[in-house]
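One structure is given below, encoded as structure tokens.
The values are calculated or read from the model by the stated rules, or taken from the named source; none is laboratory data. Everything quoted here is computed from the prediction, not taken from an experiment. Quick reminder, even Gly has a Cβ in these numbers, built from the backbone with ideal geometry, and neighbours come from all protein chains shown. Ligands, DNA and RNA are stripped out before the accessible areas are found, and what is left, the full protein with its side chains, is counted by its heavy atoms. Shrake-Rupley method; radii C 1.70, N 1.55, O 1.52, S 1.80 Å.
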Amino acid sequence: MTELNQTDLRVLTTGNKRAWDTFVAAAAPVINAVVRRAMASYRLSEEDVMDAAQDVFLRLCANDFRLLKTYDPARAGLATWLAVVSRSAAVDHARRRRQGTLPIDDVPESALAVEDRHIEKIKIPQGLLTDRQTLILKCLYDEERDVAEVALLLKIDAQTVRSTHHKALLRLRAHFGEEAP
């Protein structure tokens with residue numbers, strides 16, 4: 001790739017179409033290769049790779065060639081400078097294309113839940129549980145309310161809900177454990 005001297009750079013940044021076309025023809029192989037290499041780990045389509053390469057050219061000529069005017073031949077060769085700009089543009093493009101993800105802890109449990117369609121309701125013998133225990137189990141399991149909701153609904157302390165729930169489960173385990181063969 002031919003180097004740009006200050007005169008060539010000045011002509012290129014004035015918007016001269018012939019100079020720009022010559023520059024694009026010379027720079028495209030370098031930009032395309034760097035972009036393709038930079039985006040390989042992102043597993044994006046060929047169309048995305050070409051879009052990212054196009055982004056490099058857009059960056060170079062945007063805002064009256066502001067980025068291109070920063071090229072200094074004394075600091076780096078044109079191919080090296082274009083490689084740095086191309087890699088940066090490719091990574092930015094890939095990050096924009098990547099679908100957003102959420103940590104699993106931020107996903108509501110209801111979105112992760114799988115409905116079990118084979119739920120069998122057990123028949124609880126009359127008088128095994130107190131009315132309060134039966135009501136709390138109904139709220140927690142049948143209505144799928146959480147402890148705080150049940151406490152608010154029944155106008156009792158959340159610890160009372162947990163304690164009553166625990167005692168009800170102990171009674172059920174004791175009763176159904178005896179019937180097991």
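Looking across the range 125-135 at every residue that is within 16 Å of H166 (Cα to Cα) and out of contact with any Lys or Arg (no Cβ under 9 Å at 6 or more places or on another chain), the one that is most open to solvent (accessible area, probe 1.4 Å) is identified as D131. Can you tell me which residues in the range 61-82 are touching a residue at least 24 places away in the same chain (Cβ under 8 Å) and either part of a helix (DSSP H, G or I) or touching a strand residue (DSSP E or B) at 6+ places or on another chain (Cβ under 8 Å) (or both)? Of everything in the range 61-82, those that are touching a residue at least 24 places away in the same chain (Cβ under 8 Å) and either part of a helix (DSSP H, G or I) or touching a strand residue (DSSP E or B) at 6+ places or on another chain (Cβ under 8 Å) (or both) turn out to be C61, D64, F65, L68, K69, L78, A79, L82. Condition test on V85, is it buried (at least 18 other Cβ atoms within 10 Å of the Cβ), outside any loop (DSSP other than H, G, I, E, B) and either without any contact (Cβ under 8 Å) to a residue 60 or more places away in the chain or out of contact with any Pro (no Cβ under 6 Å at 6 or more places or on another chain) (or both)? Taking the combined requirement at face value, the residue satisfies it. Of the residues making up the range 47-60, one or more are touching a residue at least 24 places away in the same chain (Cβ under 8 Å), open to solvent by 50 Å² or more (accessible area, probe 1.4 Å) and under 18 Å from H93 (Cβ atoms). Just name the residue that is modelled with the lowest pLDDT out of those in the range 19-46 that are open to solvent by 80 Å² or more (accessible area, probe 1.4 Å) and hydroxyl-bearing (S, T, Y). The selected residue is S41.
The set of residues from the range 88-119 being modelled with pLDDT of 70 or more, assigned to a loop (DSSP other than H, G, I, E, B) and of a type in the set (D, E, K, R) is empty. For the range 79-97, filtering for residues that are within 18 Å of P29 (Cβ to Cβ) and out of contact with any helix residue (DSSP H, G or I) (no Cβ under 8 Å at 6 or more places or on another chain) leaves 3.
Would you point out the residue of the range 120-162, among those that are part of a helix (DSSP H, G or I) and β-branched (V, I, T), that is nearest to A174 (Cα to Cα)?
Among those that are part of a helix (DSSP H, G or I) and β-branched (V, I, T), it is T134.
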